1. Pick from the stretch 94-108 the residues that are at pLDDT 95 or above and in a loop (DSSP other than H, G, I, E, B): which of them is most open to solvent (accessible area, probe 1.4 Å)?
2. Output the strands (runs of 3 or more DSSP E) that fall wholly within the stretch 128-191 and possess 2 or more residues being away from ligand 1 (no atom under 16 Å from the Cβ) and open to solvent by 40 Å² or more (accessible area, probe 1.4 Å), or say none.
3. From 126, 134, 103, grab the single residue that is under 16 Å from the mean Cα position of the chain (by Cα) and within 20 Å of residue 200 (Cβ to Cβ).
4. Hey, could you check the stretch 62-93 for residues that are among the aromatic types (Phe, Trp, Tyr) and more than 16 Å from ligand 2 (Cβ to nearest atom) and say which is least open to solvent (accessible area, probe 1.4 Å)?
5. If you take the residues in the stretch 250-280 that are within 14 Å of ligand 2 (Cβ to nearest atom) and open to solvent by 10 Å² or more (accessible area, probe 1.4 Å), which one is modelled with the lowest pLDDT?
6. Out of 44, 111, which single residue is out of contact with any strand residue (DSSP E or B) (no Cβ under 6 Å at 6 or more places or on another chain), surrounded by 21 or more Cβ atoms within 10 Å (Cβ to Cβ) and of a type in the set (A, V, I, L, M)?
7. Quick check on this structure: which one of 295, 291, 301 is within 16 Å of ligand 1 (Cβ to nearest atom) and under 21 Å from residue 104 (Cβ atoms)?
Amino acid sequence: MKIAILPGDGIGPEIMAQARRVLDVLDLRFEFEEAAVGGAAYDAHGHPLPEATLALAQAADAVLFGAVGDWKYDMLERALRPEQAILGLRRSLGLFANFRPAICYEQLTHASSLKPELVAGLDILIIRELTGDIYFGQPRGRRTSPDGAFAGAPEAFDTMRYTRPEVERIARVAFEAARKRAKRLTSVDKANVLETSQFWRDAVVAVHADYPDVQLDHMYVDNAAMQLVKEPKRFDVVVTGNMFGDILSDEAAMLTGSIGMLPSASLNASGKGLYEPSHGSAPDIAGKNAANPLATILSAAMMLRYSLDQAEAAARIESAVQHVLASGLRTADIWSAGTTKVGTVEMGDAVVAALGGTTKKAIKS
Ligand code: IPM
Ligand code: MG
């Protein structure tokens, strides 16, 4: 099994190093190959997603991705910015189904900005369509406004669009996922205003005919944003388009106390996937041994489960993480009074130890 390792920028290399150690301890005969991505790739090769990196991602059985981005690249033209690497990988690998779980760990209930009783036991799965919508819709650009009250003025435009098969396939993924959980699916749209959203809703309703055992409801995105902070536990699985999913998944992540805990998976039609922590590259804490490696470690677990058919190894990692949290160790982002603050490497050590490995390698990394 070949795993492409793309550490990226900021805290990416540090958190990836810990995920690698955890995978090594499992003794599963993986072949790892690392390549540059994001700003690091721009610095080394002049492009955020070099040909060789894309070729490696295409050839591998799964991709483990750290994070990309740094303020210092904000001045580059859009096509060369680090974010283009992740968008290019999604598009080139056809990673249309993005799974973003928001789970509130019992030990971290107090790290949430919401009242503990609202988030205790929270377990939501957001399924975001990842290769369509206004993110990729053409045409887009700048021009002279052809009509309307400001005709003749400079304007910019993007295009929100979805084809019927794109909506149907993500709806199927969501119904299948709901079937394995509490069998409740909420489809989020803006059908009171947008043509694409009414179209989305119609397609989801049609697919529902094949999943009568799943309870489906629809919610406008503004209301969904409100319900997520008012009564988050009402949700089981949420399915939505690329743009709304981007926004709602960050909101849901924060309910759990720290985005530093949340993994994600982006899958294509054949189950191949890219796995990455839900958080970004956090350049402000890069190189300080302060980042939380658990989201990346849990992403590696998702990779084992969804792309590499190693569900048992995935469960071992997840229970090792639970064990480490129960023992009171916390990185700064999830620290609270009465717990022990540790750094990135020490958190990795603890997970490795909980898996029965030795922590000798920590000295090297
Ligand atoms: C995410 C990020 C990306 C997105 C950016 C980095 C392009 O915010 O994965 O949610 O908007 O999809
Ligand atoms: Mg986002």
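1. 94
2. On the way: elements: 141-144, 154-157, 184-189.
It comes to 141-144, 154-157.
3. Values: 134 fails: under 16 Å from the mean Cα position of the chain (by Cα); 103 fails: within 20 Å of residue 200 (Cβ to Cβ).
Only one candidate qualifies: 126.
4. Restricting to residues being among the aromatic types (Phe, Trp, Tyr) and more than 16 Å from ligand 2 (Cβ to nearest atom), the top hit is 73.
5. 259
6. 111
7. Just one listed residue meets the conditions, 295.
Rundown of residues vs (1) polar (S, T, N, Q); (2) crowded, with 23+ Cβ neighbours inside 10 Å; (3) at pLDDT below 95; (4) within 30 Å of residue 94 (Cα to Cα), yes/no style:
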| residue | (1), (2), (3), (4) |
| --- | --- |
| 283 | no, no, no, yes |
| 292 | yes, yes, no, yes |
| 298 | no, yes, no, yes |
| 305 | no, no, yes, yes |
| 309 | no, no, yes, yes |
| 312 | no, no, no, yes |
| 316 | no, no, no, yes |
| 322 | yes, no, yes, no |
| 337 | no, no, yes, no |
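The values are calculated or read from the model by the stated rules, or taken from the named source; none is laboratory data. Because the structure is a prediction, the values reported are computed rather than measured. Ideal geometry is used to build each Cβ from the backbone, glycine not excepted, and the neighbour counts take in all protein chains shown. The area values use the complete protein model at the heavy-atom level, side chains included, leaving out ligands, DNA and RNA. Shrake-Rupley method; radii C 1.70, N 1.55, O 1.52, S 1.80 Å.
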